[in-house]
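Visitor: Could you have a look at this structure, given as structure tokens, before my questions?
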Amino acid sequence: MDMDLSLLQTRVIGCLIEKEKTTPDQYPLTLNSLTTACNQKSNRDPVMELSDTDVQEVLDELNSKHLIREEGSFGSRVPKYKHRFCNTEFSELQLSEQEMAIVCTLFLRGPQTPGELRSRTNRLCSFRDVHETEAVLQKMSERDEFPLVVRMPREPGKRESRYAHLFSGEVEAADPSDYSAPAASTRISTERVESLENRIAELEKIVAMLQEKLSQ
């Protein structure tokens, strides 16, 4: 399933998915509402300044790909738009709530770390911790039929690698040997080592006392 979406197409689809979840009473969106959503200064990277004409052209492109649908509103001549990107009767792509939230956030903000995705998807879904986010990302990257995301090479000076979606073509993947465990796991490992060292020290004292008694 190669959608080969442009940056503007992912922006429009991401906005439709986001508003479907966060403002269901206002969904589907009119052209004006969708343009406003695309040009938001918060939760968007890059920030855009699209016109209604720009967004309409993107909608026409997505319609030709069968990824959006135009709906008429009862009593109104203003058309409204909803996505058919995933989780619809006619969509090949069926995603869990967490997977859809990750894809939506990557569409709206570009590549991000698991920690960033966990915090930035909180209006769309919930993750217990960053480890659960990483587990979902790994599952999404290992899908047999169509991997959805890829882990990118780690940037110099950064502790976490970023993930990118694969709906706009190939993205350079990270070398598996470049992976480092999350900071939380490192802290747990250090605490475990310190605990074992303390137990060993106590055992050494007991052994020394027993040896002294035996020598007596």
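Visitor: Would you mind checking the pairs K41/K139; K19/K41; K80/K139; K19/K65; K21/K80; K19/K139 and listing those with alpha carbons more than 24 angstrom apart?
Guide: Details: K41/K139 31 Å; K19/K41 15 Å; K80/K139 34 Å; K19/K65 21 Å; K21/K80 16 Å; K19/K139 26 Å.
In this structure, K41/K139; K80/K139; K19/K139 exceed 24 Å between Cα atoms.
Visitor: Can you figure out the FRET efficiency of E170 with Q26, using R₀ = 35 Å and their beta-carbon distance, to the nearest 0.05?
Guide: Values: r = 36 Å, r/R0 = 1.02.
Computed FRET efficiency for E170 and Q26 comes out at 0.45.
Visitor: Are there trypsin sites (Lys or Arg not before Pro) in the range 112-146 that DSSP marks as loop and that have at most 15 other Cβ atoms within 10 Å, and which are they? Before the final figure, lay out each step's value.
Guide: Values: sites: R118, R120, R123, R128, K139, R143; in loops: R123, R128, R143.
Qualifying residues, ordered by number: R123, R128, R143.
Visitor: Would you kindly compute the Cα radius of gyration of the chain and its largest Cα-Cα separation (Dmax), both in Å?
Guide: 24.7, 102
Visitor: Let me ask you something else. Can you tell which of H165, H66, H83 shows the greatest fluctuation in a Gaussian network model of the chain with Cα springs below 10 Å?
Guide: In the Gaussian network model the winner is H66.
Visitor: Once you charge only the Cβ atoms, +1 for Lys and Arg and -1 for Asp and Glu, what is the size of the charge dipole of the chain about its Cα centre, to the nearest 20 debye?
Guide: Values: 28 positive and 37 negative charges, 144 e Å.
Roughly 700 debye, rounded to the nearest 20.
Visitor: Which residues does the label zone of S42 cover in the range 108-126, counting backbone N under 16 Å from a point 7 Å along Cα→Cβ?
Guide: 109, 119-124
Visitor: May I pose another question? Scan the range 1-99 for chymotrypsin sites (Phe, Trp or Tyr not before Pro) in coil per DSSP, keeping those whose Cβ has at most 16 other Cβ atoms within 10 Å, and list them by number.
Guide: Working: sites: F74, Y81, F85, F90; in loops: F74, F85, F90.
When the chymotrypsin sites (Phe, Trp or Tyr not before Pro) of the range 1-99 are filtered for loop state and at most 16 Cβ neighbours within 10 Å, F74, F90 remain.
Read-outs: derived from the displayed coordinates by stated rules, not from any lab. Remember, it's a predicted structure, so these values are computed and weren't measured experimentally. Here Cβ is always computed from backbone atoms with ideal geometry, including for glycine, and neighbour counts include all displayed protein chains.
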